[in-house]
1. So, in the stretch 235-257, how many residues would count as being out of contact with any Asp or Glu (no Cβ under 8 Å at 6 or more places or on another chain) and at pLDDT 85 or above?
2. Among the residues of the stretch 152-166, is any crowded, with 17+ Cβ neighbours inside 10 Å and not in a helix (DSSP H, G or I)?
3. What residue, of ALA33, ALA79, ALA94, is outside the structural domain of ARG330 (by TED's automatic domain parsing) and crowded, with 17+ Cβ neighbours inside 10 Å?
4. Between ALA205, ALA279, which is closer than 22 Å to VAL309 by Cβ, of a type outside the set (S, T, N, Q), at pLDDT 60 or above and in a loop (DSSP other than H, G, I, E, B)?
5. If you go through the stretch 167-186 one residue at a time, do you hit one that is in a helix (DSSP H, G or I), more than 19 Å from the chain's Cα centre (by Cα), closer than 30 Å to ALA356 by Cα and among the charged types (D, E, K, R)?
Amino acid sequence: MGVDLPHSGRGLRRLKDASGALLDEALILVFPAGRSFTGEEVVELHLHGSPAIVSVVLRDLGNMPGLRMAEAGEFTRRAMENGRLDLAQVEGLADLIDAETESQRVQALRVFSGALGEKAEAWRARLIRAAALIEATIDFVDEDVPVDVMPEVVALLAGVLDDLRTEAEGVRIRERIRNGFEVAIVGPPNAGKSTLLNRLAGRDAALTSDIAGTTRDVIEVRMDLKGLPVTVLDTAGLREARDAVEELGIERGTERARSADMRVHLCVPGEGPIMEVMAGDIVITGKADADDDGDGVSGLTGRGVDRLVDGIAAELGARIIGDGLATRERHREAMIEAADKLDMVIAAAAQPDVAADLLAEDLRSAIRAIERIVGRVDIESLLDEIFASFCIGK
């Protein structure tokens, strides 16, 4: 394929194959080194986009010497290797591409913007300052150091330690934003659980019947609930099982319900929940179409469903309030490791005649743990797994 690149950096060009046959008329964008996503010199072909056009252009490009298809995540990996992104931003980009709800989009965009890397760099700078103060006492061990540096060191470390603990505590809930919350509908047989699930899903996701015990296994429906990613679970009705299959379904449903983020207890009119009510659960009367309970819910008619959805969203939304940025277990593990080291340094600094070189080594370990968050050290084993989740050409 021959094409003259536009000197202005962009322009329309007719793309032809080796025989001169017209393939497409495309917008050509030229990015000089340092101005592209990867930081490399890049030429983009903006085609009309039909599968036939894309296929023939890729085929023609593939026949040219030195050209090949990009591997999964290769452009993003090159951007990281060229210093355009840190590892946390790469993870944020992956989450942004996969985002299905508004809360996922907002969270992913904050990480992709580099905010977590900036926070980690601020922690690192304060720890490096503290390490420099400690190492100054080692350098001048045979001389009088004019100022006691330990109060400043402890103040620097305590500030970082508080930030690390606060950030680490919120990782689990931010992981739920990434992967989705689970809300289990529980109650006795024929309480209207499956009908309610179908109403929430907007389709017949679960088989409904007047015969008790219709649901034998856990049925899952993933949905966007007021911007939150939620998987609603319809569990087998809780009662004495009549056969081995129903017993297994009840056991599975009970286990999933207990491990869910919250439960909606559908009660028979005049009776209470038949499962332990945990903090944040919602207790409500089911089949409100068949009684006069003004606070009940009916999957059949939709009565009370909007109110129930608002209650679920309010409870889950209250759990994610905060400005934390760490979203993955590896972030939490790195921060906990750094916090543990800082705890040790602060405790040791209060002891008389403490060995400054030991303090400095523990502090360097804390710095290395923080550097892992943004991919400066010890992350080679993670890269293949992370980039494998990207689509080809991204």
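1. Summing the residues that are out of contact with any Asp or Glu (no Cβ under 8 Å at 6 or more places or on another chain) and at pLDDT 85 or above in the stretch 235-257 gives 2.
2. no
3. Values: ALA33 fails: crowded, with 17+ Cβ neighbours inside 10 Å; ALA94 fails: outside the structural domain of ARG330 (by TED's automatic domain parsing).
Among ALA33, ALA79, ALA94, only ALA79 is outside the structural domain of ARG330 (by TED's automatic domain parsing) and crowded, with 17+ Cβ neighbours inside 10 Å.
4. Working: ALA205 fails: at pLDDT 60 or above.
When all the criteria are applied, what remains is ALA279.
5. If we filter the stretch 167-186 for residues that are in a helix (DSSP H, G or I), which is where we start, we get 167-169, 171-179.
With the extra rule that they be more than 19 Å from the chain's Cα centre (by Cα), the set shrinks to none.
No, because not a single residue in the stretch 167-186 is in a helix (DSSP H, G or I), more than 19 Å from the chain's Cα centre (by Cα), closer than 30 Å to ALA356 by Cα and among the charged types (D, E, K, R).
The values are calculated or read from the model by the stated rules, or taken from the named source; none is laboratory data. Keep in mind that this is a model prediction, so the values were computed, not measured. We place every Cβ from the backbone using ideal geometry, glycine too, and count neighbours over all the protein chains shown.
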